[in-house]
Amino acid sequence: MPPPPEASAAPGPEPAPAPAIPDKIPFAAKAAYGFGGVNDIFGHWLYPNVSGPVFTMYLGLAPNLVGTVLMVARLFDACTDPLFGWLSDNTRSRWGRRRPYILFGSIAAGLALPCLFFASRSWDASAPWMHNPLFWFMLGSSFLFAPIISLYNMPYGSLGSELTPSYHERTSVMAFKAVIQKISGIYLAFAWWFAERPLFNNPITGKPNVLLGMRWAAAFAGLLMIVAGFANFFCVKERYYAKAAQQPKTRFWATLRQTFQSRPFVVLLAINLVYVVPTTMIGGLSQFVGTYYSFGGDAGAMSYYYLWGSIGYFVFGVLGVFAASWIARHHGKHKALLFTLVTGMFAFGSSWWMYRPGGGWLIVLNTALTGFCSTGLWVVLPSMYVDVVDDDEIRSRQRREGAFTSWSSWVTKAGMALSLGLANFLLELVGYQQSLGAAQTPGTIWWMRFLFAALSVGALLIALMLLASYPLTQERMQAIRRELESRRGAV
């Protein structure tokens, strides 16, 4: 007789699905990531922010040479960003794609930052540019520093694009980061004020040794940059790494082509560019307008109100964070960005009336108003860039945070380079002469004031028109998330 058939085993229980990772990021991770934003502020903005007071007002280097250094160095900085973004996307390691670069980049940048101010006042700042030691020191040190800060910042920005799949939590992350960056932004003005203190007076002349003061100010900023790098390495995880590790590596030029095929990305880039160029230009002009028009050439008085203006920029900037975040959560990011652009037109345009002779506290108020709109923009716009990465994954089936982060940075920095150079060339175009000191002509003063107010207002009008063509609404992003999770599962 044939053996009896084996009884089929009773089916076991269905395996439990993997627990869903919450969309909300733990506070410690959010705080660590936000703290990492100080490296962007100190690494990209401390040097150009004090270059006018230090290298033109104190050391006497012609503003067109300072502008040339800032423009060329920022262009070189921009060119290194796509390289590190591409390398980060294609890195596979036990620590992930981003965190090794963040750790080593923060250490290198923190140590290198004070070295930017190891010039000497004994160098002849009036020599022709080909034989000007101060000019070549600025250019050489800036070129060496550029790839170091890019080594940190591109993986760091890419990390922010993969912390959460939630449309609203992304805005919360960028808001947290923006608040911390506003705090660090106060230090940019404090550094100039700190360098002017009697603590650093030359014992022979009795006048402030601004170079020595800036070295100490930069050294403290560098220490914070290193601590921020360690915080991100140990406290922040790469949420999409398991998926990204399975995708094929991409070629550099193919990445460039695919990135600029994204229409939402191109729209955001254009908005970013038309905002960055004029506001960076007037950032330099504000010091000259305030010093020579409001305070008759008294750089010490301007540095005092500049410090208070930075505090006001922080306070109103925090209010701008809450305002932009609230609008984004209840009405979508499109409406939040619209709000910040409109308020920006009022804030920047009002400088014509608020920068007036002796009006130090009006300068503080105007700086605070610009902080309200600027901070709101840097909360909403980066969160919208993260949405673009999801939209791209629908088409490419790859997570390419580094590509979008680095190419957006490249365009932004190219615009900044153009504006930093133009700001100093505009000074000479309108008749500014460093040798005249407080005796600048009335025509020069008028044109500086006009450009200071009009450039940003005109650019923000263009940004409003561009925003009308942006397609990634809140409803569209919710549909994209559903499609991605049905295709590859929740992450």
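The values are calculated or read from the model by the stated rules, or taken from the named source; none is laboratory data. These numbers were taken from a predicted model, which means no experiment stands behind them. Positions of Cβ are backbone-derived with ideal geometry, glycine not excepted, and every protein chain shown enters the neighbour counts. Please note that ligands, DNA and RNA were not included when accessible areas were found on the heavy atoms of the full protein model with its side chains. Shrake-Rupley method; radii C 1.70, N 1.55, O 1.52, S 1.80 Å.
Residues in the range 298-342 near a label at ASP23, defined as backbone nitrogen under 20 Å from the 7 Å Cα→Cβ point? Under cut-off, by backbone N: 322-337. Computed in the context of the full set of protein chains, the accessible area of the range 448-491 at 1.4 Å probe radius has 62% of its extent on carbon or sulfur.
For the range 413-467, the equivalent ellipsoid derived from the Cα gyration tensor has semi-axes of 27, 14, 6 Å, listed largest first.
Each of TYR167, PRO248, ALA146 was scored by the projection of its Cα onto the charge dipole of the range 136-260, and the greatest displacement toward the positive side belongs to PRO248; charges sit on the C-beta of Lys, Arg, Asp and Glu. Report the net charge of residues surrounding ARG99, where surrounding means a beta-carbon distance below 13 angstrom and charges are Lys +1, Arg +1, Asp -1, Glu -1. Around ARG99, the surrounding residues sum to +4. For the chain, the tally of Lys pairs with Cα-Cα distances below 27 Å comes to 27, considering only residues 8 or more apart or on different chains.
Charge dipole of the range 370-441 (Cα centre as origin; +1 on each Lys and Arg Cβ, -1 on each Asp and Glu Cβ, all else neutral): 140 debye, rounded to the nearest 20. Between LEU461 and LEU83, residue separation times 0.36 nm minus the direct Cα-Cα distance comes to 132.8 nm. In this structure, the amide hydrogen of ASN201, modeled 1.01 Å from its nitrogen in the peptide plane, lies closer than 5 angstrom to those of ASN209, counting only residues at least 5 positions away or on a different chain. Taking all C-alpha pairs of the range 362-491, those more than 17 Å from each other amount to 74 percent.
For the range 99-257, the dipole from Cβ point charges (+1 on Lys and Arg, -1 on Asp and Glu) about the Cα centre works out to 400 debye, to the nearest 20. Distance from the Cα centroid of the range 87-134 to that of the range 58-78 is 15 Å (rounded to whole angstrom).
Computed on the Cα trace of the chain, the radius of gyration divided by the Kirkwood hydrodynamic radius gives Rg/Rh = 1.05. Each Lys and Arg adds +1 at its Cβ and each Asp and Glu adds -1 at its Cβ; summed about the Cα centre, the chain shows a dipole of about 460 debye. Counted residue by residue at 0.36 nm each, then reduced by the alpha carbon distance between them, the extension gain from HIS331 to ARG257 reaches 23.3 nm. The gain in end-to-end length when the GLU485 to PHE230 segment is fully stretched comes to 88.6 nm, 0.36 nm per residue minus the alpha carbon separation. Looking at the chain, the accessible area is 42 square angstrom per residue; that uses a 1.4 Å probe and ignores ligands, DNA and RNA. Among the protein heavy atoms, those of LEU464 account for about 40 Å² of accessible surface (1.4 Å probe, every chain in place).
For the range 93-244, carbon and sulfur atoms together expose 73% of the accessible surface, with a 1.4 angstrom probe and every protein chain in place. Can you give me the angle between helix 99-112 and the longest principal axis of the chain, using Cα atoms only, in degrees from 0 to 90, rounded to the nearest 10? It works out to around 10 degrees.
Panel note: the C-alpha atoms of the range 213-298, placed on their principal axes, show extents of 62, 36, 20 Å (largest first).
In the chain, the longest principal axis of the Cα atoms and the axis of helix 333-349 are about 0 degrees apart. Ordering ILE311, SER88, ILE394 by the projection of their Cα atoms onto the charge dipole of the chain, which places +1 on the Cβ of Lys and Arg and -1 on the Cβ of Asp and Glu, puts ILE394 at the extreme positive end. What the Kirkwood sum gives for the range 283-438 is a hydrodynamic radius of 17.7 Å, with every pair of different alpha carbons counted.
Based on C-alpha pairs under 8 angstrom that are at least 6 apart in sequence, the chain has a relative contact order of 25 percent.
Of GLY376, ASN366, SER408, which is farthest towards the positive pole of the range 332-413's charge dipole, taken about the Cα centre with +1 and -1 on the beta-carbons of Lys, Arg and Asp, Glu respectively? The residue sitting farthest along the positive end of the dipole is ASN366. Each other residue within a Cβ distance under 12 Å of ILE480 adds +1 if Lys or Arg and -1 if Asp or Glu, for a net charge of -3.
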